[in-house]
Amino acid sequence: MAWLLLILAGLFEVAFTTSLKLANNFTNFKWSVAFFISISLSFYLLNQAIKTIPMGTAYAVWTGIGAAGTVLVGIFFFQEPSNWLRIGFLMLLIGSIIGLKAVA
């Protein structure tokens, strides 16, 4: 259950970073509210997960999911670059997250 909470926390991290971009320096009310809801849920779920999962592992996985997810959102929705080096490092990050899960 803790791993599910951690994955959800990571997905809400992707939501809050995406909402932050769309909030346009907090001038867009709807996306600003989405940002504050998403960041609150992300931290709450992370806090619940670290009751069971080692803190260092949980934090690394949480930030990894957030970073990888945010890169993918940037590529697919904001036309950010997707060259082979960027994709290669993204795969390395995902592999590291899987490795942390495997040894925890």
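The values are calculated or read from the model by the stated rules, or taken from the named source; none is laboratory data. Remember, it's a predicted structure, so these values are computed and weren't measured experimentally. Cβ sites come from the backbone with ideal geometry, for glycine too, and all protein chains shown count toward neighbours. Quick note on the areas: whole protein, heavy atoms, side chains included, nothing else; ligands and nucleic acids left out. Shrake-Rupley method; radii C 1.70, N 1.55, O 1.52, S 1.80 Å.
Structure data summary
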quantity	calculated
The chain - accessible surface per residue (Å², probe 1.4 Å)	62 Å²
Lysines with Cα under 24 Å of K101, excluding same-chain neighbours fewer than 8 positions away	K51
Protein accessible area in the chain, 1.4 Å probe - carbon and sulfur %	73 percent
Cα centroid separation, the stretch 17-33 to the stretch 60-85 (Å)	18 Å
Where only alpha carbons of the chain are counted, the Rg and the Dmax (Å)	14.4, 43
Residue-count net charge about I7 - beta-carbon cut-off 14 Å; Lys, Arg +1, Asp, Glu -1	0
Residue with peak Gaussian network fluctuation, the chain [Cα springs, cutoff 10 Å], from A34, A58, A15	A34
Proximal lysines relative to K30, as straight alpha-carbon distance under 25 Å, when same-chain residues fewer than 8 apart are discounted	K21
